Every structure is written in structure tokens, then in C-alpha cells.
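**Student:** Take this structure first; my questions come after.
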Amino acid sequence: MFGSIPILPSIDDCRIEGNSVFHTASNKNRSIIEFDPVITSGIAQFEAVFKNHEKVYFDIGVANATVRFDRNSRSSGAKGQSVYLNSGTGNMENLINNHEVSGNASFKCGQRVAAEVNMTSKTLRFFVDGVEQPNFVVSIPPAIRFFAFLWQEGSSFEVTKFVQFPSTSASATGLVPGSRSWEWGKEWLVEKVKQPRVPPNTYASQYYNLFPFIIPPGPRPVMSQGPIWPIQHIEVNDPIQPIPQPVPKPMQPPLEMSPPVPPMNLMQGPPVNRDSQSPPPRSPCTIPRNPSPSFFGIPPQYDQFPMPRQMVMK
């Protein structure tokens, strides 16, 4: 492997095949693979290409030669004693104060990622596909090891370069746009700028109801051929249109009302011609003082209930 010797955290987690290191498919243990020899002089570069590592992040970096990483440990396990470049974001980390330095290019599987140290000037620089990244580290330890970090089961990386150069391939004059140095083992004070969630003068589509599409008056949706929702954002550059007001209906002439009818007593019913000798009709809600069973609708045969037989004691 280009004269290097990989140091595996556990043979149950990783294996070596030629110039590649494979993570086992049977677990998800974090694995930091360091490489000998220890670099103490000259200019050395370590380059690798990662494969099958799309689910979670992976790292490449440099650690103090006195550091030993345990099994299933993170790259940030040795705070202040290692610096690494994180995939996905491209952030450079030393995890002393949990601050990450952004500005380097993000990278993913299939890309060439390299770390280069200059032990004369004590500098560490990173490269993505051969392009130098603006953030670099100064005052690195006098003895270092390169390392790579695997996490996803079945993932791997191939060492494509582990060589020593007579001169640095980095731009020592600082011609990289936006280049900035960060000191090894120190707190990196990063100014955290709160980024807006959406671009200026736009509103994210998730701020509106999608079922149904209810959009307040004024902003007009900009349609695009998205994979899921056609509305991507709402532009508010146009002036807000006034809300249309309903037109009042003309007044209708009042309807002619018929003379009022005196209310009818529903309890007594309409008046009925009756003989003066007949008793007045009984209200349906009037209960006699001593009602008979027929008053409650009981048939005549049940007017008098049979009495139980008397028990004769012998």
C-alpha cells in the first residue's frame, strides 16, 4: 500500500485487500484506520477514494503520532490532537470547542481527497480532486500519522497516493482565494452567522397549506417542474393586489304582511259546539285524581289483579 502500513482498530470491523480497506458488512462500528510510517520530516501527501459510503459521513485527516484511537471511536475522540476534513460539508474540525470551519469544498464517494503535511513549515493542507482548499492548519506536531474514518457497513476506501515530495504542491504564497490559517491545538473562534431559512423576498412553499393550496392575496406562485410539489417558492416582488370587495345587492321592497292570526291553544284544540249538559273536554295533560286502569290504556280484564292465595299453615 505505497509503503504504508494500515493500523486496524479491530480485525472484526475492517480488513485489508491490496490498497483498499473494507468495513465489514456485519456491524456499524466506527473505525479509524491510521497509517504508518510516522511522518517527521519532509513533505508527504496521503490521498484516498471512498466507496459505498453514502448513508453517513466519512473523514480523512492527520493525528498526533502519540494518539491511539480505540475501537468504535470517532475522529473527534482526540480533541485538539487531530484535524480532519468531513465529507458532505467539507468542514475542517478539531473539536476543541465544537466549532467547525467552513469554506472548503464538500466531497463525496468517488472523489479524490488528500491531506498534505509540510514538516518544515509545520503546515497541513487539504485537496479535493487535486484542488487546494482555502482553510489550512499551522503549527502541527513534530510527528504525525495520516488516518481515514469509516462508519457505514460494507464501505471502503482505496489509497491512491502515499508519497513524499521534494517540494510542496500547495500554494505556499497564499494565492488560493479566501485562504486562511488555523493553529493546531487552539480554539477556533468561528463567527457563526445565522443564515436565513429562505432567500430574501421569497417564502418557502411549506409555509403555506398544500391541501388545498391556500395562498394569501398578493404573492403569486412561481411554477417549476419539481419532483413532488409544483410550487417551489413565492415571489413578493410584485405589489400586493387589493382584496376584491363584494358588491352589495339592491334593496328589495318589503313584503306585504297579512293581519296577525290569534294563536290557537294547542292544548285544548279548536272550539267545538257541544251540549250544555256534557262535561267540558278534558285536557290531554290532565290526570284524574283517582284514575282507573283504563285511563292508562289497560284492558278491562286487568282492572282487578288476582289476589295471591292465602297460605294455610297445617
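**Student:** Which pairs turn up if I take residues in segment 123-145 that are more than 23 Å from THR160 (Cβ to Cβ) and of a type in the set (S, T, N, Q) and look for partners that are modelled with pLDDT of 95 or more and exposed (fewer than 14 other Cβ atoms within 10 Å of the Cβ) with beta carbon separation below 6 Å, at least 6 apart in sequence or on another chain?
**Tutor:** none
**Student:** Please count how many residues of segment 5-19 are more than 18 Å from SER82 (Cβ to Cβ) and either among the acidic types (Asp, Glu) or not in a strand (DSSP E or B) (or both).
**Tutor:** Matching residues across segment 5-19 total 7.
**Student:** Taking segment 46-73 on its own, how many of its residues are within 16 Å of ARG30 (Cβ to Cβ), out of contact with any helix residue (DSSP H, G or I) (no Cβ under 8 Å at 6 or more places or on another chain) and of a type in the set (D, E, K, R)?
**Tutor:** The qualifying residues number 3.
**Student:** While we're here: Can you report the number of residues in segment 41-96 which are among the β-branched types (Val, Ile, Thr) and crowded, with 21+ Cβ neighbours inside 10 Å?
**Tutor:** 3
**Student:** Also, I was wondering about something else. Exactly one of (1) surrounded by 14 or more Cβ atoms within 10 Å (Cβ to Cβ); (2) out of contact with any His (no Cβ under 8 Å at 6 or more places or on another chain) is unmet by THR120. Its number?
**Tutor:** (1)
**Student:** Okay, next question. Can PHE22 be described as of a type in the set (Phe, Trp, Tyr), part of a strand (DSSP E or B) and more than 22 Å from ASN94 (Cα to Cα)?
**Tutor:** So PHE22 passes the test.
**Student:** So, one more: Could you tell me which residue of segment 16-35 is surrounded by the most Cβ atoms within 10 Å (Cβ to Cβ), considering only residues that are more than 19 Å from ALA63 (Cβ to Cβ) and of a type in the set (A, V, I, L, M, F, W, C)?
**Tutor:** Selected residue: PHE22.
**Student:** Ok, one more. In segment 48-94, what residues are basic (Lys, Arg) and within 19 Å of VAL138 (Cβ to Cβ)?
**Tutor:** Of everything in segment 48-94, just one residue is basic (Lys, Arg) and within 19 Å of VAL138 (Cβ to Cβ), namely LYS79.
**Student:** Name the residue that is nearest to ALA48 (Cα to Cα), counting only residues in segment 86-98 that are out of contact with any strand residue (DSSP E or B) (no Cβ under 8 Å at 6 or more places or on another chain) and in contact (Cβ under 8 Å) with a residue 40 or more places away in the chain.
**Tutor:** Among them, the one singled out is ILE96.
The values are calculated or read from the model by the stated rules, or taken from the named source; none is laboratory data. For clarity, every value in this text was computed on a predicted model and none was experimentally measured. When we count neighbours, we look across all protein chains shown, and the Cβ atoms used for this are built from the backbone with ideal geometry, even at glycine.
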